[in-house]
Amino acid sequence: MKETKVTVKIPRPLYRKIQMVIEESGFSSPTDFIVFVLRDLVGEAELHLSKGKEEASASDLDAVKHKLKNLGYL
Amino acid sequence: MIAPHGGRLINRIVTGAERDRLIDAASSMPKIRLNARETADVDMIGNGAMSPLQGFMNQADYNAVLDQKRLASGLPWAIPIVLATKDGDDASKYEEGKDVALEDENGQLTAILHLESKWQADKTREAKAVLLTDEDAHPGVQYLNSIGDWYLGGRISVVNRIAYDKFNQYRLDPVDTRVLFDKKGWKTVVAFQTRNPIHRAHEYLTKCALEICDGLLIHPLVGETKSDDIPADTRVKCYEALMEKYYPADRVVMSVYPQAMRYAGPREAILHAIVRKNYGVTHFIVGRDHAGVGSYYGTYDAQNIFNEYEDGEMDITPLMFEHSFFCKETGGMASSKTSASDKEMRVFLSGTKVREMLTNGEVPPAEFTRPEVAKILIEAMQQKVEA
């Protein structure tokens, strides 16, 4: 079976700091924390990539207003 | 406008080429047929109602929610939003790092789960933490016993919105309600939800709240409820009747809330408030035993739980009300906080008594229920008896 995870190396002092940061948090390991932070950052990056599309949302706004009008809310 | 929970409104609905690609790829993915609760959750994650969630919870969020009533990031959140394998499912076919096709109850592809986290559910631990009981009589425990033993977490991409067959004229996404409140010029909006029929006491709470807010969002829950709860169709009809005659049309709107009931009392009150914030609501009415069932929770537990969070963490303001009733002494609605009258001057009927009257075709006193509402409830009760 193909391995679904890869190993990434980080500086040991940083690892130790992460261990301290996650004490008494909901993260069960530094790996969990790192994966969480990276996913969030990647999500943000994806959001920026699609921002052009989102900012073109004047038409989306029109669509919302149209929907609200059709349903009798406006 | 109030900020969504976590700062931005999530949108996990994919369109265009990305949607086409995922739909094509779905045929070779392992599949899961969602139940009613999960289907509603997919819809509400997709449209941002459950921001900042971008999918079903992973194990870190799940553990933090159970242990701390927070997400792993520290944001308040009190109810696990999880996807379970189905009974008899071989969990090994779902591999972390791979995608899973999610089908609605009718077998239609609705979303893709980008599986990040898979773990074996400890249902007793979850029941005790979230529902505060593991007794089989609790509907939330019954639900846990009905699902598979593994949870699957990860972001989702919604490729097809759920096609609902009811209340479509009342289905607004958070982006819709936010635009609506803005267009109406409402800076403050209070939301009201009950899964019970609306009586004069509820009407009173909403009007008290409207005295201090610009607008009122009546937001009845229309997701899955217990079979002996008043059906959503009937409740919505009651609201329509009330809105037509007893509320100012320019200050009140109704939309439906698609989520399924968890019957988790205090923790669910937190969920209901946070989600309403995502809809652009600034105030949320929390009555007695909100989202409760049987005698599992104390009368004011769902109000007191808000004190477990620091000021400003929730952002949305809970409006907590005492038991209210019609007071014969003053000739108006009041609550145990504002009435000086004795018990015998207060018009109050127990739920059991009201059900009994309605089933027998008796109209409850006008001080308790508006006649238009009573008529709808009597018809519904009689139809149920005939069925």
Enumerate the amide H contacts of B:H323 below 5 Å, restricted to partners 5 or more residues apart or on another chain; note that Pro and chain-start residues carry no placed amide H. B:S336
Within region B:303-387, trypsin sites (Lys or Arg not before Pro) in DSSP loop having at most 16 other beta-carbon neighbours inside 10 Å: B:K328, B:K337
Taking region B:16-103, which GluC sites (Glu not before Pro) meet the DSSP loop condition and have no more than 16 other C-beta atoms within 10 Å? B:E95, B:E96
With unit charges on the beta carbon (Lys/Arg positive, Asp/Glu negative), name the residue among B:V373, B:T177, B:A111 whose Cα is farthest towards the positive pole of the charge dipole of the protein assembly as shown. B:T177
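Just the number please: accessible area per residue for region B:273-380, 1.4 Å probe, all protein chains included, in Å².
Per-residue accessible area for region B:273-380 comes out at 48 Å².
What's the magnitude of the charge dipole for chain B around its Cα centre, counting Lys and Arg as +1 and Asp and Glu as -1 at the beta-carbon? Answer in Debye, nearest 20.
Working: 46 positive and 56 negative charges, 156 e Å.
With only Lys, Arg, Asp and Glu charged at Cβ, the dipole is about 740 debye.
Using a ≥ b ≥ c from the Cα gyration tensor of chain B (square roots of the eigenvalues), is it rounded, prolate or oblate, where a/c under 1.5 gives rounded and otherwise the larger of a/b and b/c decides, a/b for prolate? Kindly include the intermediate steps, with their values, before the conclusion.
Numbers: a/c = 1.72, a/b = 1.64, b/c = 1.05.
Verdict is prolate for chain B.
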Expected 222 nm ellipticity per residue - DSSP helices of 4 or more, -39500 (n - 2.57), all of the protein assembly as shown, to 500: -11500 deg cm²/dmol
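Given charges of +1 on the Cβ of Lys and Arg and -1 on the Cβ of Asp and Glu, with all other atoms neutral, how large is the dipole of region B:91-194 about its Cα centre, in debye to the nearest 20?
On the way: 14 positive and 17 negative charges, 127 e Å.
Taking the Cα centre of region B:91-194 as origin, the dipole is about 620 debye.
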Springs between alpha-carbon pairs under 10 angstrom, Gaussian network model over chain B: which of B:S51, B:S73, B:S335 fluctuates most? B:S73
Using +1 at the C-beta of Lys and Arg and -1 at the C-beta of Asp and Glu, which of B:Y143, B:A101, B:S73 has the Cα lying farthest in the positive direction of the dipole of region B:1-149? B:S73
With a Förster radius of 30 Å, plug the Cβ-Cβ distance of A:N70 and B:N106 into 1/(1 + (r/R0)^6) and report the FRET value to the nearest 0.05. 0.75
Within 10 Å of each Cβ of B:6-17, how many other protein chain Cβ atoms are there on average? 1
Which of the three applies to region B:170-386, rounded, prolate or oblate, going by the alpha-carbon gyration tensor with a ≥ b ≥ c and a/c under 1.5 meaning rounded? rounded
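Can you pull the mean other chain C-beta count within 10 Å for peptide B:63-76?
Details: counts 5, 4, 1, 1, 3, 3, 0, 2, 2, 8, 6, 2, 0, 0.
Taking the mean over all residues of the peptide, I get 3.
Let me make sure I get this right: for region B:232-285, a, b and c are the square roots of the gyration tensor eigenvalues over alpha carbons, sorted descending. Under 1.5 in a/c it's rounded, otherwise prolate if a/b > b/c, else oblate. Which is it? Write out the running numbers ahead of the final one.
Values: a/c = 2.58, a/b = 1.53, b/c = 1.69.
Cα axes put region B:232-285 in the oblate bin.
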At most 15 other Cβ atoms within 10 Å and a DSSP loop assignment: could you name the trypsin sites (Lys or Arg not before Pro) in region B:162-206 that fit? B:K166, B:K187
On a 26 Å Cα-Cα criterion, which of the cross-link pairs B:K183/B:K337; B:K207/B:K337; A:K67/B:K187; B:K184/B:K226 come out too long? B:K183/B:K337; B:K184/B:K226
Translational diffusion coefficient (Stokes-Einstein; Kirkwood radius from C-alpha pairs) of the protein assembly as shown at 4 °C, 1.567 mPa s, in µm²/s: 55 µm²/s
Among B:A232, B:N168, A:S28, whose Cα lies farthest out toward the positive end of the dipole of the protein assembly as shown, if unit charges sit on the beta carbon of Lys, Arg (+1) and Asp, Glu (-1)? B:N168
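Compute the signed sum of charges (Lys and Arg +1, Asp and Glu -1) over the other residues within less than 11 Å, Cβ to Cβ, of B:I2. Numbers along the way, then the final one.
On the way: positive: B:R178, B:K187, B:R276, B:K277; negative: B:D315.
For residues surrounding B:I2, the net value is +3.
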According to the Kirkwood expression over distinct Cα-Cα pairs, how big is the hydrodynamic radius of region B:229-327, in Å? 15.1 Å
Roughly how big is the protein assembly as shown's charge dipole about its Cα centre, with Cβ charges of +1 (Lys, Arg) and -1 (Asp, Glu), in debye to the nearest 20? 680 debye
Any idea how far the Cα center of region B:269-339 sits from the one of region B:45-119, in Å? 29 Å
I'd like the orientation of helix B:16-26 relative to chain B: the angle between its Cα long axis and the longest Cα principal axis, in ° from 0 to 90, rounded to 10. 70 degrees
Against the longest principal axis of chain B, how steep is helix B:265-278, in degrees 0 to 90 to the nearest 10, with axes from Cα atoms? 80 degrees
Give the angle, between 0 and 90 degrees and rounded to the nearest 10, that separates the Cα long axis of helix B:200-212 from the longest principal axis of the Cα atoms of chain B. 80 degrees
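The values are calculated or read from the model by the stated rules, or taken from the named source; none is laboratory data. The structure presented is a predicted model; accordingly, all values stated were derived computationally and were not measured. We place every Cβ from the backbone using ideal geometry, glycine too, and count neighbours over all the protein chains shown. Side chains are part of the model used for accessible areas, which takes the heavy atoms of the whole protein and leaves out ligands, DNA and RNA. Shrake-Rupley method; radii C 1.70, N 1.55, O 1.52, S 1.80 Å.
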